[in-house]
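Here is the structure we will look at.
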There are 2 protein chains.
Amino acid sequence: MRQDVVLRGPGGPYLRTGQVAEQAGVNVQTLRYYERRGLIAEPARSPGGHRSYPPETVALLTVIKAAQRLGFTLEEVAELLDTGRRGHPTPDLRARAQAKILEVDAKIADLTTIRHALAQVVSAGCDSLTHCTCPDCPLPFADLAEGRFPKES
Amino acid sequence: MRQDVVLRGPGGPYLRTGQVAEQAGVNVQTLRYYERRGLIAEPARSPGGHRSYPPETVALLTVIKAAQRLGFTLEEVAELLDTGRRGHPTPDLRARAQAKILEVDAKIADLTTIRHALAQVVSAGCDSLTHCTCPDCPLPFADLAEGRFPKES
DNA sequence: GGTAAGCCTGTACCCAGGTACCGGATGCAA
DNA sequence: TTGCATCCGGTACCTGGGTACAGGCTTACC
């Protein structure tokens, strides 16, 4: 544990990879993965080549994780951060959040239909996917039409 | 298009790969993938080694696709088909459907929370993930606690 | 200056559910 | 019998979001 030591540089106490990772609750590899993906800027380096992060990187990672939990892909998060960094605030985030709400609603609707079909299986007492002996068997779900749930799981 | 010709064999009109794939609306590669995964049985072969499927394979594929849309993984579908094939009907399908309902409910609950947070972003008028200027900014979503949505998208 | 923890790059691997490509063989109708 | 659509097995690749490993270099503390 030599991690409680702080590198000093122009502008404040800098952090090393392991410190940032621990404080943000992510893996060290993830940090470099995000750097490759353009989510976090390439940090300054020590003379020996070790990364030296400004402390606000931790907050940035928290924001990234929050956005992910809202259903944004890393690519979308990268874009949002990018437009944010370019100055002039745009209605981009708002618009994207609204679009995301529609996506979420669609997913919820699909899941609701699925839940319905599952409940039918249970209440009808289906005992086989292919040779069900229950009366009025709901299988194989005519209402779950081909292609209605493109990639839904 | 020589696919409208039917191979005849013991028990009925047999189908070739392309015919099954087309009728079931899946890719030819997928068919062989399912065979490798044990979802469909290895079909008979022509003297030259071409697969020759019984016509009910198309229905089986429909069932597989329906089960997938219900949220079962291919592995789960394979197991369900397997216990079905082994004769003696078990309450397996019913139990699994009930468990799946719980999974679906959990997903819906997560999505509902997410929808809530998104709606807050919209109504508060957030304009940046990192430097939002809106009053009482809900970012970065303290209620979406770390780890609450392990793999949710 | 020794020692160990931590960091570096690069590459490969994981999950699921497929899809694509290759060179060669087969099936079938004209 | 010729021509070409289709099929064969094997292998590699795709998406998304990371994770792991190998082999070597730095940093920090004593």
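Name the single residue, out of those in segment A:8-24 being of a type outside the set (A, V, I, L, M, F, W, C) and near DNA strand D (Cβ under 10 Å from one of its atoms), that is nearest to residue A:85 (Cα to Cα). First the steps, then the outcome.
At the first step, the residues of segment A:8-24 found to be of a type outside the set (A, V, I, L, M, F, W, C) are A:8-14, A:16-19, A:22-23.
Filter once more, so that each one left must be near DNA strand D (Cβ under 10 Å from one of its atoms): A:8, A:14, A:16.
Values: A:8: 25, A:14: 21, A:16: 23 Å.
By that ranking, first place goes to A:14.
Just to be sure, is residue A:31 more than 23 Å from residue B:137 (Cα to Cα) and near DNA strand D (Cβ under 10 Å from one of its atoms)? Criteria met by residue A:31.
Number of residues in segment B:38-59 that are part of a helix (DSSP H, G or I) and touching a Phe, Trp or Tyr at 6+ places or on another chain (Cβ under 9 Å) equals 0.
Scanning segment A:107-140 for residues that are more than 8 Å from every other protein chain (Cβ to nearest Cβ) and surrounded by fewer than 12 Cβ atoms within 10 Å (Cβ to Cβ) yields A:109, A:135, A:136.
Taking the criterion of being under 21 Å from the mean Cα position of the chain (by Cα) and surrounded by 15 or more Cβ atoms within 10 Å (Cβ to Cβ), the residues of segment A:39-58 that qualify are A:39, A:40, A:57, A:58.
Each row is one residue, and each column tells you yes or no for (1) open to solvent by 60 Å² or more (accessible area, probe 1.4 Å); (2) under 19 Å from residue B:109 (Cα atoms).
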{"residue": "A:60", "(1), (2)": "no, no"}
{"residue": "A:72", "(1), (2)": "no, yes"}
{"residue": "A:86", "(1), (2)": "yes, no"}
{"residue": "A:93", "(1), (2)": "no, no"}
{"residue": "A:96", "(1), (2)": "yes, no"}
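Can you pull out the residues in segment A:39-50 that are away from every other protein chain (no Cβ under 14 Å) and near DNA strand D (Cβ under 10 Å from one of its atoms)? Walk me through it before giving the result.
The first filter runs over segment A:39-50 and keeps only residues away from every other protein chain (no Cβ under 14 Å), leaving A:42-50.
The answer is A:45, A:46, A:47, A:48, A:49, A:50.
The values are calculated or read from the model by the stated rules, or taken from the named source; none is laboratory data. What you see is a predicted model, and the numbers here were worked out from it, not measured in a lab. Using ideal geometry, Cβ is built from the backbone for each residue, glycine included, and neighbour counts are taken over all protein chains shown. Quick note on the areas: whole protein, heavy atoms, side chains included, nothing else; ligands and nucleic acids left out. Shrake-Rupley method; radii C 1.70, N 1.55, O 1.52, S 1.80 Å.
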